[in-house]
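Shown next, in structure tokens, is the structure this report addresses.
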Amino acid sequence: MNWLRKKKIEAAEKTVIPDGLWIKCEKCGEIIYRKQLEQNLFVCSACNFHFRVNSRQYIQILFDENSWQEFNANIRSGDPLKFKDKKKYPDVYKAAVKKTGLNEAVVTGTATIEKIPVVGAVMDFTFIGGSMGSALGEKVKRAIDKSLELRQPLIIVSASGGARMMEGALSLMQMAKTSAHLALLDEAKIPYISIMLDPTTGGTTASFAMLGDIHISEPGALIGFAGQRVIKQTIGQDLPEGFQTAEFLLEHGFLDLIVHRKEMKSTIARLLRFMWDDADRYVMEENKANE
């Protein structure tokens, strides 16, 4: 028996489980097979917790297959302030590019949602916390310009820690620039839908993320401006339970909808058909072209 037990132990020790094959849910602790999680759009099947996803993954989730056409991919931030903390800003930036394969914390492109043409900007929290620097602001501004040029609805998916401190006031000015251009979109009567993922905070929340015609979030997302500790110290009061969650904001009128990730695409399509007179015309033309 001792010999058999020894063989079983040796066999178990030789069994190697690849890293990342199983993932633990941050909310309920459920151990989930990664491929199963991917098939479920990175949502826990046990408690509906929405895992954070990167920009590429969300593009696949939200837009029609093979419809995404990226533009302005090579716009990158400089180092105007020669900023240095524990590391130099250029070194932090290069590390983010290497880690993510992106040149900035937002990806912009044209695409379709259930055959309805749109212009999209999808932020990526894995790139320096989705922080908003000069290049990000410029890419969002150009996405707005593209929406005006094509007269197609704009969809911005936000996931951000706020303004990028390494660019100082230049980063903060992106709030004004993007907000001013969204006013042009409003004047042109072109729909803009803002989707806020976990987390959406700081200067991003204080500018384009909260200037949509429709504000949508996924369940449980953290959305706010300053952190809870800073707010509590400023006002000298305890904050309500659930403060800065999507559910709290919906209850208090800052959000229009909370939508499950599986239903986001169909929900956006329904909203666009309701808000935009040309939506059905584009779908009909696409169907005729495919006949």
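Quick check on this structure: which one of 218, 167 is of a type in the set (D, E, K, R), closer than 22 Å to residue 89 by Cβ and not assigned by TED's automatic domain parsing to the domain that holds residue 42? Before you say what the answer is, go through the steps one by one.
Values: 218 fails: closer than 22 Å to residue 89 by Cβ.
Just one listed residue meets the conditions, 167.
Output the qualifying pairs, or none if there are none: Cβ atoms under 6 angstrom, residues six or more apart or on different chains, first residue in the range 46-68 and under 13 Å from residue 123 (Cα atoms), second residue of a type outside the set (A, V, I, L, M) and assigned to a loop (DSSP other than H, G, I, E, B).
Here the result reads 53/42; 54/124; 54/126; 55/124; 59/68, each pair linking the range 46-68 to a residue that is of a type outside the set (A, V, I, L, M) and assigned to a loop (DSSP other than H, G, I, E, B).
Looking only at the range 196-225, filter to residues that are touching a helix residue (DSSP H, G or I) at 6+ places or on another chain (Cβ under 7 Å), in contact (Cβ under 8 Å) with a residue 40 or more places away in the chain and in a strand (DSSP E or B); which one of those is farthest from residue 54 (Cα to Cα)?
Only one residue tops the list, namely 214.
Does the range 122-139 contain at least one residue that is assigned by TED's automatic domain parsing to the domain that holds residue 208 and closer than 30 Å to residue 287 by Cβ? Before you say what the answer is, go through the steps one by one.
Initial filter on the range 122-139 (assigned by TED's automatic domain parsing to the domain that holds residue 208): 122-139.
Now drop any that are not closer than 30 Å to residue 287 by Cβ, which leaves 122.
Within the range 122-139, one or more residues are assigned by TED's automatic domain parsing to the domain that holds residue 208 and closer than 30 Å to residue 287 by Cβ.
I need the full set of residues from the range 227-252 which are assigned to a helix (DSSP H, G or I) and either in contact with a helix residue (DSSP H, G or I) (Cβ under 7 Å, 6 or more places away or on another chain) or at pLDDT below 95 (or both), in order please.
In the first step, residues of the range 227-252 are kept if they are assigned to a helix (DSSP H, G or I); the result is 228-235, 246-251.
If the condition is that a residue be assigned to a helix (DSSP H, G or I) and either in contact with a helix residue (DSSP H, G or I) (Cβ under 7 Å, 6 or more places away or on another chain) or at pLDDT below 95 (or both), then 228, 229, 230, 231, 232, 233, 234, 235 are the ones that fit.
Tally the residues that are among the aromatic types (Phe, Trp, Tyr) and part of a helix (DSSP H, G or I), restricting the search to the range 181-195.
Residues of the range 181-195 among the aromatic types (Phe, Trp, Tyr): 192.
Going one step further and asking which of them are part of a helix (DSSP H, G or I), we end up with none.
The qualifying residues number 0.
Looking at (1) in the same structural domain as residue 247 (by TED's automatic domain parsing); (2) modelled with pLDDT of 95 or more; (3) assigned to a loop (DSSP other than H, G, I, E, B), can you tell me which one residue 41 breaks?
For residue 41, the exception is condition (1).
Looking at this structure, is residue 34 under 12 Å from the mean Cα position of the chain (by Cα) and surrounded by fewer than 18 Cβ atoms within 10 Å (Cβ to Cβ)? Don't jump to the end; show me each part of the working.
Details: under 12 Å from the mean Cα position of the chain (by Cα): no; surrounded by fewer than 18 Cβ atoms within 10 Å (Cβ to Cβ): yes.
It is false that residue 34 is under 12 Å from the mean Cα position of the chain (by Cα) and surrounded by fewer than 18 Cβ atoms within 10 Å (Cβ to Cβ).
Collect the residues in the range 232-277 that are in contact (Cβ under 8 Å) with a residue 12 or more places away in the chain, loosely packed, with under 14 Cβ neighbours inside 10 Å and either of a type in the set (A, V, I, L, M) or over 23 Å from residue 58 (Cβ atoms) (or both), keeping them in residue-number order.
Of everything in the range 232-277, nothing turns out to be in contact (Cβ under 8 Å) with a residue 12 or more places away in the chain, loosely packed, with under 14 Cβ neighbours inside 10 Å and either of a type in the set (A, V, I, L, M) or over 23 Å from residue 58 (Cβ atoms) (or both).
Using the structure shown, decide if residue 226 is of a type in the set (A, V, I, L, M), under 21 Å from the mean Cα position of the chain (by Cα) and crowded, with 17+ Cβ neighbours inside 10 Å. Let's see the steps before the verdict.
On the way: of a type in the set (A, V, I, L, M): yes; under 21 Å from the mean Cα position of the chain (by Cα): yes; crowded, with 17+ Cβ neighbours inside 10 Å: no.
Here the answer is no, as residue 226 does not meet what is asked.
Check whether at least one residue in the range 86-103 is in contact (Cβ under 8 Å) with a residue 40 or more places away in the chain, surrounded by fewer than 20 Cβ atoms within 10 Å (Cβ to Cβ) and over 17 Å from the mean Cα position of the chain (by Cα), and report yes or no.
There is at least one residue in the range 86-103 that is in contact (Cβ under 8 Å) with a residue 40 or more places away in the chain, surrounded by fewer than 20 Cβ atoms within 10 Å (Cβ to Cβ) and over 17 Å from the mean Cα position of the chain (by Cα).
Output the qualifying pairs, or none if there are none: Cβ atoms under 8 angstrom, residues six or more apart or on different chains, first residue in the range 137-151 and at positive phi, second residue at pLDDT 95 or above.
151/188; 151/190
Test each condition in (1) assigned to a helix (DSSP H, G or I); (2) modelled with pLDDT of 95 or more for residue 255 and report the one that comes out false.
Failing condition for residue 255: (1).
The values are calculated or read from the model by the stated rules, or taken from the named source; none is laboratory data. Computed from a prediction, not measured in an experiment: that's the story for all the values here. Counting neighbours? That spans all protein chains shown, and the Cβs are built from the backbone with ideal geometry, glycine included.
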